1. Somewhere in the range 181-193, is a residue in contact with a Ser or Thr (Cβ under 9 Å, 6 or more places away or on another chain), farther than 30 Å from HIS375 by Cβ and touching a residue at least 60 places away in the same chain (Cβ under 8 Å)?
2. What number of residues in the range 148-174 are of a type outside the set (Ser, Thr, Tyr), buried (at least 18 other Cβ atoms within 10 Å of the Cβ) and modelled with pLDDT under 90?
3. Given the conditions (1) surrounded by fewer than 16 Cβ atoms within 10 Å (Cβ to Cβ); (2) assigned to a loop (DSSP other than H, G, I, E, B); (3) out of contact with any strand residue (DSSP E or B) (no Cβ under 7 Å at 6 or more places or on another chain), report the number of the one that GLU204 does not fulfil.
4. Out of GLU268, GLU296, which single residue is in contact (Cβ under 8 Å) with a residue 24 or more places away in the chain, within 23 Å of PHE232 (Cβ to Cβ) and not aromatic (Phe, Trp, Tyr)?
5. If you check MET364 against the conditions, is it out of contact with any strand residue (DSSP E or B) (no Cβ under 7 Å at 6 or more places or on another chain), under 15 Å from ASN284 (Cβ atoms) and of a type outside the set (Ser, Thr, Tyr)?
6. From LEU257, LEU220, which residue is buried (at least 19 other Cβ atoms within 10 Å of the Cβ), closer than 30 Å to SER345 by Cβ and not assigned by TED's automatic domain parsing to the domain that holds HIS317?
7. Taking the range 238-281, which residues are assigned to a helix (DSSP H, G or I), closer than 16 Å to PHE359 by Cβ and in contact with a Leu (Cβ under 9 Å, 6 or more places away or on another chain)?
8. Do we find a residue being touching a residue at least 40 places away in the same chain (Cβ under 8 Å) and within 26 Å of ARG258 (Cβ to Cβ) anywhere in the range 360-377?
Amino acid sequence: MQIHLKTLGCRLNEAELETWAQAFQAGGHSITRNLSDAQLVIINSCAVTQDAVKKSKQLIRRIHRDNPQAKLVVSGCYATLNESEAAQLMGVDLIVSNKDKNQLVEKTLTELNLDSMPVMSAEPGEVSLFSRGRQRAFVKVQDGCRYRCTFCIVTVARGEERSRSTQEVVDEINLLHSQGIQEAIITGVHLGGYGGEIGSNLVELISEILEKTEIPRLRLGSLEPWELPDGFFDLFKNPRLMPHLHLPLQSGSDSVLRRMARRCKTEEFREIVNLARKTIPHFNITTDIIVGFPGETEQEWQESYEYIKSIGFGHIHIFSYSPREGTKAANLPDQIGQEIKKYRSRLLHELAETMKRKFVEENMGLLAHVLWEGHTESLTNGYIRYFGYTPNYIRTACDVSADTLLENQIIPAMLIQAEQDFVQIKLAQ
């Protein structure tokens, strides 16, 4: 059976997709990039914002329209929070809620009467990540969150915190590396809370991975800034741990942060950023910002803007606040109008682009070990263009002759010219 997998939303969704892909392959099935070839489609949906809910529904409808013969299974946060609605969408054959995600493959094969083919399960095949066009693996180490930020519905959808054992994570990374994966990205809903209920912590996990695996590159997913313990940044002195962190700030105004029920004040956040940059040169800090949170006054917006400008991020994910049913923020007074949110969002996008260019310029002329992905562009001069990422997560491009193979290789290169969405690279001789 040919299976097509799609996801929206966070890296955790991507990690879960990979786990399912491996399990389906172990049962003798194959993963296809082409929707039209699939007899089964799995969608991992998102509900982090109302826009994500809309996109999840659109994706479900589009996939059924483009391949109406395929069986369609929907999981993820949208399907969990809106189970009856999702089940009634045209073409949906099965809903698997977040609490049953670990049994998704088994439930799919059983409840949809799809026979697996164990006779084929020992046959070597293309690693599911490669068959889906991915060179990096997302490894889920925990799920759920103990905190209740007033804007967040994900904690409701994901439930209580649950951590995988360190050995289980180490074994998965070793397996991925043996299959040719060069970079693992450690991810979770509340990554900083890893191990709280099993007597471990994130520093111990990273230390064990670095000691007991040989995968060349290890990267951390989004991490709440208030839970970084003493000695955390010393881990990055190991060159296998990539010098990049995504630390969600959400606002640069302390009064807005209090209404959000965030647990990191702006001054504490600044100290974290300074320590990271002091410990490791060219450390890249990226973040999330919500504009137009309920009650955000013009003064609070100006405070936030100036604070963000003073920090200097390598990249910002910018969200205009939208009320999310089931969250405390949806019922807060003084909801901000759409025009004000659009205006503030536009200003912040302009600032974010300026800061991104500045960070890239600071890296020009440096030698970096780039993990190259598959080539995605054929150029008119007989060359092809590969894309990849530096350790500190700068997107790079390299134009080479069509017979040059770079995919999934880590090759030193010099950053030579900044373009609109990437930096041109010159391969080291």
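The values are calculated or read from the model by the stated rules, or taken from the named source; none is laboratory data. From a predicted model like this one, the values you see are computed outputs, not experimental measurements. Here the Cβ is made from the backbone with ideal geometry for all residues, glycine too, and neighbour counts use every protein chain on show.
1. Our first condition is that a residue be in contact with a Ser or Thr (Cβ under 9 Å, 6 or more places away or on another chain); within the range 181-193, this holds for 184, 187-191, 193.
Add one more test, that the residue is farther than 30 Å from HIS375 by Cβ, and what stays is 188-191, 193.
Next, only the ones that are touching a residue at least 60 places away in the same chain (Cβ under 8 Å) stay: 188-189.
Checked against the condition, which is being in contact with a Ser or Thr (Cβ under 9 Å, 6 or more places away or on another chain), farther than 30 Å from HIS375 by Cβ and touching a residue at least 60 places away in the same chain (Cβ under 8 Å), the range 181-193 yields at least one hit.
2. Final tally of qualifying residues: 6.
3. Against the list (1) surrounded by fewer than 16 Cβ atoms within 10 Å (Cβ to Cβ); (2) assigned to a loop (DSSP other than H, G, I, E, B); (3) out of contact with any strand residue (DSSP E or B) (no Cβ under 7 Å at 6 or more places or on another chain), GLU204 comes up short only on (2).
4. Numbers: GLU296 fails: within 23 Å of PHE232 (Cβ to Cβ).
Unique residue meeting the criteria: GLU268.
5. On the way: out of contact with any strand residue (DSSP E or B) (no Cβ under 7 Å at 6 or more places or on another chain): no; under 15 Å from ASN284 (Cβ atoms): yes; of a type outside the set (Ser, Thr, Tyr): yes.
Taking the combined requirement at face value, the residue does not satisfy it.
6. Values: LEU257 fails: not assigned by TED's automatic domain parsing to the domain that holds HIS317.
Testing whether each residue is buried (at least 19 other Cβ atoms within 10 Å of the Cβ), closer than 30 Å to SER345 by Cβ and not assigned by TED's automatic domain parsing to the domain that holds HIS317 leaves just LEU220.
7. VAL273, ALA276
8. For the range 360-377, residues touching a residue at least 40 places away in the same chain (Cβ under 8 Å) and within 26 Å of ARG258 (Cβ to Cβ): absent.
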